[in-house]
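One structure below.
The values are calculated or read from the model by the stated rules, or taken from the named source; none is laboratory data. No experiment lies behind these values; they were computed from the predicted model shown. Methodologically, a virtual Cβ is constructed for each residue, glycine included, from the backbone with ideal geometry; neighbour enumeration extends over all protein chains shown. Ligands, DNA and RNA are stripped out before the accessible areas are found, and what is left, the full protein with its side chains, is counted by its heavy atoms. Shrake-Rupley method; radii C 1.70, N 1.55, O 1.52, S 1.80 Å.
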Amino acid sequence: MSNARISPTTADDLAAANLLYRDPGLHDHLQGAATRDADVVHHAIDTWAPHAASLLDAGCGTGTLVAALSDRLTGLGIDLQPQLITHARAAHPGCDFEVDELCTLDLRCTFDVITCLGNVLAYLHEPDELHAATAAMSRHAHPGTIVVINTLITPPPEVPASTSLVATPRGPAQVTVQNRWDDDTRLATMTRRWAFTDGRTETDIVHRRVHDLNALTTALASNGFQVRAAFDTLPTTRNPPRGPSAFVIAQRPQR
Ligand SMILES: C[S@@+](CC[C@H](N)C(=O)[O-])C[C@H]1O[C@@H](n2cnc3c(N)ncnc32)[C@H](O)[C@@H]1O
């Protein structure tokens, strides 16, 4: 169930901008298992919510995290892009997936763990959307619920375009990547050109917002969460995190 949509980014925008969203099989081939993210979620559960049993994965993509955690948590993954949900359902038939939008999500139930990993929040380009997303997390939280977020917090370095050879199911592809940063909009733009051996080319133009860490923790606090930790990677040696992306773990306090 959803309220009126406020996000200007549509599923069609996302798919048009990124070959990996148009070809979920290629996405899984290149991204592999969600091991690092699953390790962080296990760490958060062990530390703050040892009895957790249910999971909402917001922006689940192809569903790899829900599947990776399915031994421990009964999970629901939601994502804006229908073709990713179709792929997730086929790849992980024991798990639940639905097409839905994070900011307006209203499932009328709560979860012990809410994850929002892999830069989902970076696709929310308007400052108001950070508040809307954390309010949606709040609607699906009860006392003790933990939220685990990973998103960009510093601009990617502006380095010259780089090209590498990438193995794909259709043979090797030459992939050229260039990043640009716009300080006014706080949007990092990645231009990525794929050149396949059969002569086919594809160009991605992916805009991701770099959220200020303080803005994120403020939005979480104003929606009733207490920030428990913020770090770059496990083990949590660097505090505060330096980026480019950071994990933030927050919790709705026990009453
Ligand atoms: C980089 S992918 C990460 C997917 C997955 N969480 C992972 O780590 O593999 C970002 C995902 O966020 C989804 N997304 C972006 N904006 C969204 C929104 N407003 N509501 C729901 N999903 C959204 C995209 O469709 C995409 O699947």
When every residue in region 186-212 that is open to solvent by 60 Å² or more (accessible area, probe 1.4 Å) and of a type in the set (Val, Ile, Thr) is compared, the one farthest from residue 118 (Cα to Cα) is 197
Residue that is farthest from the ligand (Cβ to nearest atom), among those in region 54-82 that are of a type in the set (D, E, K, R) and under 14 Å from the mean Cα position of the chain (by Cα): 57
In region 18-53, how many residues are open to solvent by less than 10 Å² (accessible area, probe 1.4 Å) and in contact with a Phe, Trp or Tyr (Cβ under 9 Å, 6 or more places away or on another chain)? 3
For residue 143, are the conditions met, namely being at negative phi and either open to solvent by 70 Å² or more (accessible area, probe 1.4 Å) or not assigned by TED's automatic domain parsing to the domain that holds residue 55 (or both)? no
Residues in region 108-139 that are within 13 Å of the ligand (Cβ to nearest atom) and either among the aromatic types (Phe, Trp, Tyr) or part of a loop (DSSP other than H, G, I, E, B) (or both): how many? 7
Of all residues in region 213-248, which are more than 29 Å from residue 166 (Cβ to Cβ) and exposed (fewer than 15 other Cβ atoms within 10 Å of the Cβ)? 214, 215, 221, 222, 226, 235, 237, 238, 239, 240
Which one of these does residue 146 not meet: (1) more than 25 Å from residue 120 (Cβ to Cβ); (2) touching a Phe, Trp or Tyr at 6+ places or on another chain (Cβ under 8 Å)? (1)
Please determine whether any residue of region 163-185 is farther than 16 Å from residue 207 by Cα and within 16 Å of the ligand (Cβ to nearest atom). no
State the number of residues belonging to region 153-174 that are in a strand (DSSP E or B) and either of a type outside the set (A, V, I, L, M, F, W, C) or touching a Leu at 6+ places or on another chain (Cβ under 8 Å) (or both). 9
In region 60-72, which residues are part of a loop (DSSP other than H, G, I, E, B), buried (at least 24 other Cβ atoms within 10 Å of the Cβ) and out of contact with any Lys or Arg (no Cβ under 9 Å at 6 or more places or on another chain)? 60, 61, 62
Is there a residue being of a type in the set (Asp, Glu), open to solvent by less than 10 Å² (accessible area, probe 1.4 Å), more than 13 Å from the chain's Cα centre (by Cα) and in the same structural domain as residue 246 (by TED's automatic domain parsing) anywhere in region 125-135? yes
Residue selected from region 28-53 under the condition assigned to a helix (DSSP H, G or I) and free of Cβ contacts under 8 Å to residues at least 60 places away in the same chain, by the criterion farthest from the ligand (Cβ to nearest atom): 46
If I go through region 175-210 residue by residue, how many of them are outside any loop (DSSP other than H, G, I, E, B) and at positive phi? 0
Scan (1) modelled with pLDDT of 95 or more; (2) touching a helix residue (DSSP H, G or I) at 6+ places or on another chain (Cβ under 9 Å); (3) within 12 Å of the ligand (Cβ to nearest atom) for the single condition residue 85 breaks and write down its number. (2)
Can you name the condition, by its number, that residue 143 falls short on among (1) outside any strand (DSSP E or B); (2) out of contact with any Leu (no Cβ under 9 Å at 6 or more places or on another chain)? (1)
Can you give me the number of residues within region 77-107 that are in contact with an Asp or Glu (Cβ under 6 Å, 6 or more places away or on another chain) and either of a type in the set (Lys, Arg) or part of a strand (DSSP E or B) (or both)? 2
